[in-house]
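**Student:** Got a structure for you, questions after.
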Amino acid sequence: MPYLVIPLKNTRQTGVLPPTLQVDSERGAAFQLPFFWAINRSQDLTISPKYYTKSGLQMLANYRYVLSENSNGELDYGILKDRHRQEGYEHLENQNRWHLSYGHHLELPNNYVQRTDIHLASDIAYPLHFQQQFNFVGEPALDNRMSLTKHLEGYHLSL
């Protein structure tokens, strides 16, 4: 008889997360089984194989870290050898398609703050075809930014 063990601990634990089932009109049904690795108290990694019935296997990874109370970051990556033939995008069939998103907020000594927000994709259609992995649907471009700022009494310097 199948059973499910539900831990009653309030600490992070390494293990398999609940699977998800999704239906996509273009890519068919998708099944995802994420694995969460609690590396230590300030880092974790989630690896999620996701199988689309029309496109194939997509590997997703999410890495998060906390350096201090006000410094942290997150990296998302996904790759798929897309076997789906979609009208208007035939050139993408059997191509490696990927995305990379990275963001961090780093507070440095002497009131300096460094921020990074990078979003890249293998092709212009990736954010449209995999909307759940991007918050840029309808935007004209993927926005990428890096900055270094310094706060002084009465002044704010930014690069």
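The values are calculated or read from the model by the stated rules, or taken from the named source; none is laboratory data. If you're wondering where the values come from, they're calculated on a predicted model, not measured in any experiment. Because the Cβ atoms are built from the backbone with ideal geometry, glycine has one as well, and the counts that use them run over all protein chains shown. Keep in mind that these areas ignore ligands, DNA and RNA; they rest on the heavy atoms of the full protein, side chains included. Shrake-Rupley method; radii C 1.70, N 1.55, O 1.52, S 1.80 Å.
**Student:** Name every residue in region 115-144 that is outside any loop (DSSP other than H, G, I, E, B), out of contact with any helix residue (DSSP H, G or I) (no Cβ under 7 Å at 6 or more places or on another chain) and either open to solvent by less than 80 Å² (accessible area, probe 1.4 Å) or closer than 13 Å to residue 100 by Cβ (or both), in order of residue number.
**Tutor:** 116, 117, 118, 119, 120, 126, 127, 129, 133
**Student:** Please work out which one of (1) touching a strand residue (DSSP E or B) at 6+ places or on another chain (Cβ under 9 Å); (2) open to solvent by 80 Å² or more (accessible area, probe 1.4 Å); (3) among the β-branched types (Val, Ile, Thr) is the condition residue 39 fails and give its number.
**Tutor:** Condition not satisfied by residue 39: (2).
**Student:** Just to be sure I understand the filter: pairs with C-beta atoms under 6 Å, separated by 6 or more residues or on different chains, first member in region 145-159 and more than 25 Å from residue 100 (Cα to Cα) and at pLDDT 85 or above, second member of a type in the set (Phe, Trp, Tyr) and assigned to a strand (DSSP E or B). Which pairs pass?
**Tutor:** Final answer for the pair search is 150/112.
**Student:** Those residues that are closer than 21 Å to residue 83 by Cα and surrounded by 13 or more Cβ atoms within 10 Å (Cβ to Cβ), I need them from region 20-36; list them, please. Break it down stepwise before answering.
**Tutor:** Taking region 20-36 as the starting set, the residues that turn out to be closer than 21 Å to residue 83 by Cα are 21-33.
Within region 20-36, 22, 24, 26, 27, 28, 30, 31, 32, 33 qualify.
**Student:** Taking only region 2-19 into account, find how many residues are surrounded by 10 or more Cβ atoms within 10 Å (Cβ to Cβ) and of a type in the set (D, E, K, R).
**Tutor:** The qualifying residues number 1.
**Student:** Would you pick out the residues in region 52-80 that are closer than 17 Å to residue 24 by Cβ and either touching a Cys at 6+ places or on another chain (Cβ under 9 Å) or surrounded by 15 or more Cβ atoms within 10 Å (Cβ to Cβ) (or both)?
**Tutor:** Selection gives 52, 54, 55, 56, 58, 60, 78, 80.
**Student:** I've got another one for you. Evaluate region 86-107: report whether one residue or more is open to solvent by 50 Å² or more (accessible area, probe 1.4 Å) and of a type in the set (Gly, Ala, Ser).
**Tutor:** yes
**Student:** Please name all residue pairs, on different chains or six or more residues apart, with Cβ atoms under 6 Å, provided the first residue is in region 1-25 and is closer than 18 Å to residue 37 by Cα and the second residue is open to solvent by less than 80 Å² (accessible area, probe 1.4 Å) and assigned to a loop (DSSP other than H, G, I, E, B).
**Tutor:** 17/34; 19/33
**Student:** Further question: Quick check on my filter: what residues within region 30-59 are of a type in the set (Gly, Ala, Ser) and under 20 Å from residue 125 (Cα atoms)?
**Tutor:** To start, the set of residues in region 30-59 that are of a type in the set (Gly, Ala, Ser) comprises 30, 38, 42, 48, 55-56.
Listed by number, the residues that qualify are 30, 55, 56.
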